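J.: The structure follows.
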Amino acid sequence: MLTPLQQKRYLNIAAKLVNNASPKVQPYMKLMRIDKPIGSWLLFWPCSWSIAMAAPIGALPDLQMLALFGTGAFIMRGAGCTINDMWDQDIDKMVDRTKDRPLVSGQITPRQSLMFLAGQLSLGLLVLLQLNWYSIFLGASSLGLVITYPLMKRITYWPQLILGMTFNWGALLGWSAIRGSCDWSICLPLYIAGICWTILYDTIYAHQDRVDDILLGTKSTAIKFGDDTKFYLSGFGMVMIASLITSGILTTQTWPYYTAVGLIAIHISNQIYTLNINNPTDCAKKFISNHRVGMILFVGIVLGNLMKRLYVKEENRDEEKTEQQIVALETKNSLKICN
């Protein structure tokens, strides 16, 4: 598991990679936010949870499937950023944090961004086509959310809800990719947990731009919750934990999983308690720390599934012992009858 220092170094490496790139390539890398890989991780983790949960008892998650979904998360997160910047050019140029983005600054033209998006979506489709037909249709059905999400901030104070529905689609897709279809009794609680998690971390993220958003008339849960943000985030955090426990019960998870859920509860509680919504630097730091939440849960699911093998062996030994006792008792009774 990456320490905060290791995460910082990793982010610096990504930023250096972009800064040292060719001037012709660099704007496209920035458009994809390659210099800010946290978004790709936050998109990937729900996929990994579902893939790990769907693994056979006592087995590691399918590494090939994890790699495939990791590639898909990287591509589609980049495509989402391109779509977002295409919709938000008029807004981004008026916000300090976004006014230097490639489309706004003129480094990339709208036509170039459209052609680039077509390439990104084509690559995303190529990844999707590696899955079974159920998963292909399920994955394709999320495209509407991907395209319309950037518009939601103009319509509703709940764009973070739409982002949550979009970013956590992998919680459904990962399971169906392994099992052939969704077990909704398991996938839905996991999906709901992911949605609540996204609302939580993206509300924190949105507080960085709250002042600009109010002036521009754009909407977010950061504006909706205002000074009561911590109260609402606590509620979403509790629903997230309850949903994770529900998924754990339905998949007969073992103690490593629940230990991970407990650690996540502590992390989120501390994140909310120490949050300063009026400090953009603190908001950015808290937002990035959610990478650890996703990683902790993934490790908990993997270890919990491996632990199931030990429980199954113990149950089998108990069953064998019981059968032997029954046979011995029946033999003893038979001898008594004969005598």
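J.: Which residue, Gly119, Pro46, Leu188, has the largest displacement toward the positive end of the dipole of segment 12-308 when charges sit on each Cβ (Lys, Arg +1; Asp, Glu -1)?
T.: Gly119
J.: What is the chain by shape, rounded, prolate or oblate, if you read a ≥ b ≥ c off the alpha carbon gyration tensor as root eigenvalues and call it rounded for a/c under 1.5, prolate for a/b larger than b/c, and oblate otherwise? Don't skip to the answer; put the middle values down first.
T.: Numbers: a/c = 2.60, a/b = 1.99, b/c = 1.31.
Prolate, because a/c is 1.5 or more and a/b exceeds b/c.
J.: Counting pairs on different chains as well as pairs 8 or more places apart, how many Lys pairs in segment 12-308 have Cα atoms under 15 Å apart?
T.: Values: Lys16/Lys30; Lys16/Lys36; Lys30/Lys99; Lys36/Lys285; Lys36/Lys286; Lys153/Lys219; Lys153/Lys224; Lys230/Lys286.
Lysine pairs meeting the criterion: 8.
J.: What is the sum of charges, Lys and Arg at +1 and Asp and Glu at -1, for the other residues whose Cβ falls under 11 Å from the Cβ of Leu275? Working shown, then result.
T.: Working: positive: Lys230, Lys285, Lys286; negative: Asp282.
Overall, the nearby charge balance is +2.
J.: Could you please state, rounded to a whole Å, how far the C-alpha centre of segment 272-311 is from the C-alpha centre of segment 20-47?
T.: 21 Å
J.: Which whole-number percent gives the relative contact order of segment 12-308, counting Cα pairs below 8 Å spaced six or more residues apart?
T.: Numbers: 411 pairs, mean separation 65.1, N = 297.
The value is 22 percent.
J.: Based on Cβ point charges of +1 for Lys and Arg and -1 for Asp and Glu, what charge dipole magnitude is obtained for segment 15-123 about its Cα centre, in debye rounded to the nearest 20? Present the calculation step by step, with values, prior to reporting the outcome.
T.: On the way: 11 positive and 8 negative charges, 58 e Å.
Roughly 280 debye for segment 15-123.
J.: Would you mind finding the longest exposed-site-free stretch of the chain, with exposed trypsin sites (Lys or Arg not before Pro) meaning DSSP loop and at most 16 other Cβ atoms within 10 Å? Spell out each step's value before the answer.
T.: On the way: sites that count: Lys24, Lys93, Arg97, Lys99.
Longest gap between qualifying sites, sites excluded: 100-339.
J.: Helix 229-250 against the longest principal axis of the chain: what's the angle in degrees, Cα atoms only, rounded to the nearest 10?
T.: 30 degrees
J.: Calculate the dipole size of segment 12-308 relative to its Cα centre from +1 charges on Lys and Arg beta carbons and -1 charges on Asp and Glu beta carbons; express the result in debye to the nearest 20.
T.: Details: 22 positive and 16 negative charges, 70 e Å.
Dipole magnitude for segment 12-308 comes out near 340 debye.
We did not get these values from a lab; they are worked out from the coordinates using the rules stated. Because the structure is a prediction, the values reported are computed rather than measured. Glycine gets a Cβ as well: all are built from the backbone with ideal geometry, and neighbour counts include every protein chain shown.
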